[in-house]
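I have placed the structure first, in the form of structure tokens, so that the comments after it can refer back to it.
The values are calculated or read from the model by the stated rules, or taken from the named source; none is laboratory data. In this text, all values refer to a predicted model and were calculated from it rather than measured experimentally. Cβ placement follows ideal geometry from the backbone for every residue including glycine, while neighbour counts extend to all protein chains displayed.
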Amino acid sequence: MDKYDGQEANAAKAKTEKKEVKANNGQPSKSEVQDMELKILEGNNLAESSEKAEEDDFFNGILDKYLQPGKSDKDLKKISKADAKEAAGDIY
């Protein structure tokens, strides 16, 4: 229980602490803006975003491979049951 008591005390302490008021009506300073721009240009989240893009490309490739136009509506694409099994195998 001591673990949880400490967390509650920390949370209560954080609430009672005074918040630092920034100059410029809460706007970031010029140096803070430059730091943010540098982080963006360095690509801090590049690994996460490229991993998701890679997954999207992979799934889109599978869909392009197995989707076929419908018999009655050519704009509606479907995957046949046999192709669905193969597609699931490729994904797995």
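Looking at L41, is it surrounded by 10 or more Cβ atoms within 10 Å (Cβ to Cβ) and either closer than 30 Å to K85 by Cβ or modelled with pLDDT of 60 or more (or both)?
Taking the combined requirement at face value, the residue does not satisfy it.
Please work out which one of (1) surrounded by 10 or more Cβ atoms within 10 Å (Cβ to Cβ); (2) in a loop (DSSP other than H, G, I, E, B); (3) modelled with pLDDT of 75 or more; (4) over 28 Å from the mean Cα position of the chain (by Cα) is the condition K22 fails and give its number.
So K22 meets the others, but not (3).
Quick check on my filter: what residues within the stretch 44-61 are at pLDDT below 85 and of a type in the set (S, T, N, Q)?
N44, N45, S49, S50
Which count do you get for residues in the stretch 77-92 that are without any contact (Cβ under 8 Å) to a residue 12 or more places away in the chain and in a helix (DSSP H, G or I)?
Going through the stretch 77-92 one residue at a time, the tally reaches 5.
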